Each structure stands twice: as C-alpha cells, then as structure tokens.
Amino acid sequence: MPDEQSQVTGDGVRDERLAVRDALEVERRCPDCGAKLTVQILPHGYESHCTPCQRRARFEKSEPGE
Amino acid sequence: MSQQPASSTLVEPAAEPAEILRIAERRLLEERGRITQEEALLIQQLPDDQLTHLADLAHRVRVDYCGEEISLGSIISGKTGGCPEDCNFCSQSTTFGTEVAPTGLIPYDQLLAAAKATAETGATEFCIIYAVRGPDERLMEHVLECVRLVRENVPTVEVACSVGLLTQDQADAMAAAGAHRYNHNLEAPRSHFDKICSTHKWEDRRRTCEMVKAAGMELCTGGIIGLGETSEQRIEFAFQLAELEPDEVPMNFLNPRAGTPLGEQELVSPTEAIRTIALFRLIMPAAKLRYAGGREVTLGDLQAMGLKSGINAMITGNYLTTLGRGVNDDLLMLDDLQMPINAISKVM
C-alpha cells in the first residue's frame, strides 16, 4: 500500500503547500475593531464588511453635531 | 451505468503491474465493462513507479467514455455559515469555533451578477450552495427564485443547487423550477461517516441522492478525500458513489480549516491524490469527474496531471469560504494541455 505521505515530501515542501493555503484565505477579522467580518465569496472576487463598524458609523452619523 | 459481468479472470495479487493494468484496460475499453472492487484494490497497490501508467489508462478511459472536452463551472454560497450540522471538516458549522461569520441569504442582484460573470469566463455550470441541514419554506422560495432568475437572464449556464437534505416534494419542486442538477455529496465512505458527522446519517444523504434522481434532475454527488479514511475506504467510497450512477462527481481534497476537528489533519500527498483520481475514473468511467475544493493546496503543480488522469470538469474561480486560483490560470493550463472547453449542451 502506498504511503500516505510522499517519500520526497519534506518539511520545506509541506511549508510550501501551507503557503499556498494561506494565500487562498480571505481576511476574516476587522482590522479596526477585531470583530468577525461578514464575508461573501463570489466566483470571481469577494465582498466583506464589519457589521459592528457599520452600525457604529450609522449611529455616529445620526447623532446631532456638538 | 450497467455492471457487466467480468469476463476476464480476476487478477491475482501476485500479477505483474503491467498485467493488472492491461486487464483493466481490456475490461473498460474493449469489453465496455467495469472493474471489480477487488481489482480496484489491487490497482491501488501498484507501486509509485506505475503511477504514470495508471494515469495514462485513466485518461484514455476518460476520453473514450466522455470525450476530450472539459466542463467548467463555478459555485457560489447562497448562505454562508450558521449550519446546525456538525460535519467535522466544515468551517460553516455552528458547532465549531471557526472564523466564518454567518451571513443571510445572498441578495438576488449579487447572485445574478455572479452568474453573468461566470458565463463570461466560458463556464457552463453555476451551482448555488447553502449551508443548511435542509430547506424550510422560506429558503425554498429563495432557491426557486434564484433558479428562475439565472435561467431567465443567463441562458448560457445551467443552474445547479445544493440545499442539503430534501424531501421528495422539495426535489420535485426544484426540478419543476428548472434546476438542472442537484448536488448532495455522500462526503465520505459509509464505513467512515460516523467519524465525520453525528447530526445525520450517511443513509440520509444517500436517500436525498435517490430523490434527486426520482425528480428527474441530474445527480451531482462526490465527497472529500483526506478525511482520515484509509486507502481501502477510498475504493469503498468510489463504489458507493458508482452505485448511485451519478452524472457528476466533485472531487474535493481536504483543505483543513482552523477551528474544526480536522483542522490539523495532514494533507493528502499529490501522488496519492492523482492515484485516487485515476481510480475514481476507472471505477466511474462515464461520470463527469470535477475538480473541486482543495486542489490548489493538495496538488500544486500536479493540477495539470490530474486533467491527464481522469478529471474532465473543474470548478473555476473561488470556493465557498476560500479563494481559488485565478480562472485565467486554469484557462491557460487547459490551453497548454490543448483541452477544449465544452459549450452548453442545450440552451434552456
């Protein structure tokens, strides 16, 4: 029975595969507040937004100016 | 697919590798029959130096049964995350603490724009996938409207959907609305499924697959390679899929998701992935074998070899929760391989 791991697959190759994996991830956390982003992946591209930040922005916009 | 009785003598374990492949070739290409599970297991045990010969046979079987063309399709998430099921490879389950935040149902305009963008790449399949156990009434309305919108506005793609476990009435309603194909993966071999999921049974999935066929839709069912199953279980799995006579079999390779129980699972090696693709082709010679998630990570530079080992369809572009490589890279690869892309078989 063939081994599950290729005999020529060393740590370097494994790291390379993990690098490929990392390159295909999308950002999942808001850089401003750290909350989870709502992400819609599309066949070609993706859209994301931070619901807490959006709410905060709407709230601040609706507050009367000082 | 009809199971013709084996006319050749069963391959003995001590048979030379070339002999095992020669018998498989005769069975599939000359007699138009099928290999047995025992023979598939022997082929699986061929040494690595026979891999190119196995791949070559699988490619010739693919071309003989399915033709030279490659079918391109794309997928879109109609609802992401928040799934009550506990499939332990999946980042969309509420059971696990993953980074995927749940979304609502995709807006119709966004879905339609994605379908049009898909058509512009030359792809002919567009599959809408929801992270749910199964559809309730509200979700059924959304699915049927999505199917109607795409059919009316993007006639060069065929619409498929994947909404989990169905009742026969739901399957009938999707077929009546014009859903061309329904995807419901068996996901894993029956003997391994209880290690993958506790909230539903393998038999539930199989039952939905049977309903899809009874409703008159094309059946798309496959699974994920690398969920901790053994090599022998992969063969078991391929035969369980073959029993359903699926039109299409998506082949995913586990891309471990952080936060899931399989988050640290070892990747399937590229050569093992090629071996599995080739065996699936020999076991299901007439099915559309579609490259799906995880191919970029698992196969890397051997993605082109997969197309010469039995694959005849691809999901291009992004997946449900991760990106894919660019569609242009796939188109260039097909051009390099001189593999034509198929056009839609019938305009709806």
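The values are calculated or read from the model by the stated rules, or taken from the named source; none is laboratory data. Computed from a prediction, not measured in an experiment: that's the story for all the values here. Positions of Cβ are backbone-derived with ideal geometry, glycine not excepted, and every protein chain shown enters the neighbour counts. Accessible surface areas use protein heavy atoms only, side chains included; no ligands, DNA or RNA. Shrake-Rupley method; radii C 1.70, N 1.55, O 1.52, S 1.80 Å.
Of note:
- B:A101, sole failed condition from (1) within 11 Å of chain A (Cβ to nearest Cβ); (2) over 23 Å from the mean Cα position of the chain (by Cα); (3) within 18 Å of B:T208 (Cα to Cα): (3)
- Unmet requirement for B:Y291, which otherwise passes all of (1) among the hydroxyl-bearing types (S, T, Y); (2) within 12 Å of chain A (Cβ to nearest Cβ); (3) under 27 Å from B:H180 (Cβ atoms); (4) buried (at least 24 other Cβ atoms within 10 Å of the Cβ): (2)
- Wholly enclosed strands (runs of 3 or more DSSP E) of the stretch B:215-312 bearing at least 1 residues closer than 23 Å to B:L51 by Cβ: B:223-225, B:248-253, B:288-291
- Scanning the stretch B:108-136 for residues that are hydroxyl-bearing (S, T, Y) and part of a helix (DSSP H, G or I) yields B:Y108, B:T118.
- The residues on offer are B:A18, B:A24, and the sole one that is crowded, with 22+ Cβ neighbours inside 10 Å, away from chain A (no Cβ under 14 Å) and not in a loop (DSSP other than H, G, I, E, B) is B:A24.
- Counting the residues of the stretch B:302-311 that are surrounded by 24 or more Cβ atoms within 10 Å (Cβ to Cβ) and polar (S, T, N, Q) gives 1.
- Test: residue in the stretch B:273-288 that is within 14 Å of chain A (Cβ to nearest Cβ) and surrounded by fewer than 19 Cβ atoms within 10 Å (Cβ to Cβ): no
- Hey, B:E152 assigned to a helix (DSSP H, G or I), open to solvent by 10 Å² or more (accessible area, probe 1.4 Å) and either more than 11 Å from every other protein chain (Cβ to nearest Cβ) or of a type outside the set (V, I, T) (or both) or not: yes
- Of all the residues in the stretch B:68-96, those that are within 11 Å of chain A (Cβ to nearest Cβ) and either part of a loop (DSSP other than H, G, I, E, B) or within 26 Å of A:A35 (Cβ to Cβ) (or both) number 7.
- Within the stretch B:155-173, the set of residues being open to solvent by less than 50 Å² (accessible area, probe 1.4 Å) and more than 19 Å from B:T124 (Cα to Cα) comprises B:V163, B:G164, B:L165, B:L166, B:Q170, B:A171, B:A173.
- All conditions but one from (1) exposed (fewer than 10 other Cβ atoms within 10 Å of the Cβ); (2) outside any loop (DSSP other than H, G, I, E, B) apply to A:I41; the one that does not is (1).
- Residues of the stretch B:312-348 that turn out to be open to solvent by 30 Å² or more (accessible area, probe 1.4 Å), within 19 Å of A:R17 (Cβ to Cβ) and within 10 Å of chain A (Cβ to nearest Cβ), as a count: 3
- Among (1) open to solvent by 60 Å² or more (accessible area, probe 1.4 Å); (2) touching a His at 6+ places or on another chain (Cβ under 9 Å) - the single one B:E69 does not satisfy: (2)
- The sole residue among B:E210, B:E243 that is open to solvent by 20 Å² or more (accessible area, probe 1.4 Å) and within 27 Å of B:L139 (Cβ to Cβ) is B:E210.
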